[in-house]
1. Looking at region 135-150, can you tell me whether even one residue there is closer than 25 Å to residue 40 by Cα and buried (at least 17 other Cβ atoms within 10 Å of the Cβ)?
2. Checking residue 159 against (1) surrounded by fewer than 22 Cβ atoms within 10 Å (Cβ to Cβ); (2) over 18 Å from the mean Cα position of the chain (by Cα); (3) assigned to a helix (DSSP H, G or I), which single condition isn't satisfied?
3. Quick one: residue 268 ticks every box in (1) under 21 Å from residue 21 (Cα atoms); (2) modelled with pLDDT of 75 or more except a single one, so which number is it?
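The values are calculated or read from the model by the stated rules, or taken from the named source; none is laboratory data. Just so you know, these numbers come straight off a predicted model, no measurement behind them. Here the Cβ positions follow ideal geometry from the backbone for every residue, glycine too, while neighbour counts run over all protein chains shown.
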């Protein structure tokens, strides 16, 4: 079970980390809300095809559809829209820093909605990871301009993160009510895509499509890997270990994105960024590792430290 959970965790981290690069090929001809709608519509089609192929049940009652639609609204629609609006005011690095606060939001929301106890080591791990992410993106944080646009971007990013956190809580609730992750995601993504298409109609957005190879390849990658596989892995993990622990993936995937940027875009690492990575890894150990193992590691470090004195 632990090995499988670790596999799900790192699958979500590495896939989502790579989607940052793929999203760049989505920008340009097609309005962002339409690109997101195309992405989740295609992902829903893939999931529905898989359900039919495997004979998975797709009949649910009205109440279940309501909760799956609510999950779709929060996880596959509204949060993406809000973050696209935020990118008009902030850099992607700053948005990554802000989105990482979902770790703390999930800890608090889990306590509020599910009465989960707040573990001190979990909070310490979250804060350590957040500090690490701030250091990794320190140049962008330091250059944050005190303007209405920057403040607007900050508020939008926090709102988008909170909406995503609520989506995490709804997914956890749905799994507790025995709504399978695959079918829940298929129907939720379909609802999310429909809402996005309706939003585009209301906004008077011109429906266009980019037939270029880069756009279509990146769209397929974002739909299959970034949506079907990554969300499937993450939400399954969320149901197993809880939203507060699963959310730490959002602290790690910006590091994967920077690793890809190092090879393809010439990103240059600094000592501060390297120190930030070390803190992120340390926070990851505190949150993901069982408390028993963490205590053993701390005891071992303490003993070796005492011997060295």
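1. no
2. (2)
3. With respect to (1) under 21 Å from residue 21 (Cα atoms); (2) modelled with pLDDT of 75 or more, residue 268 is out only on (2).
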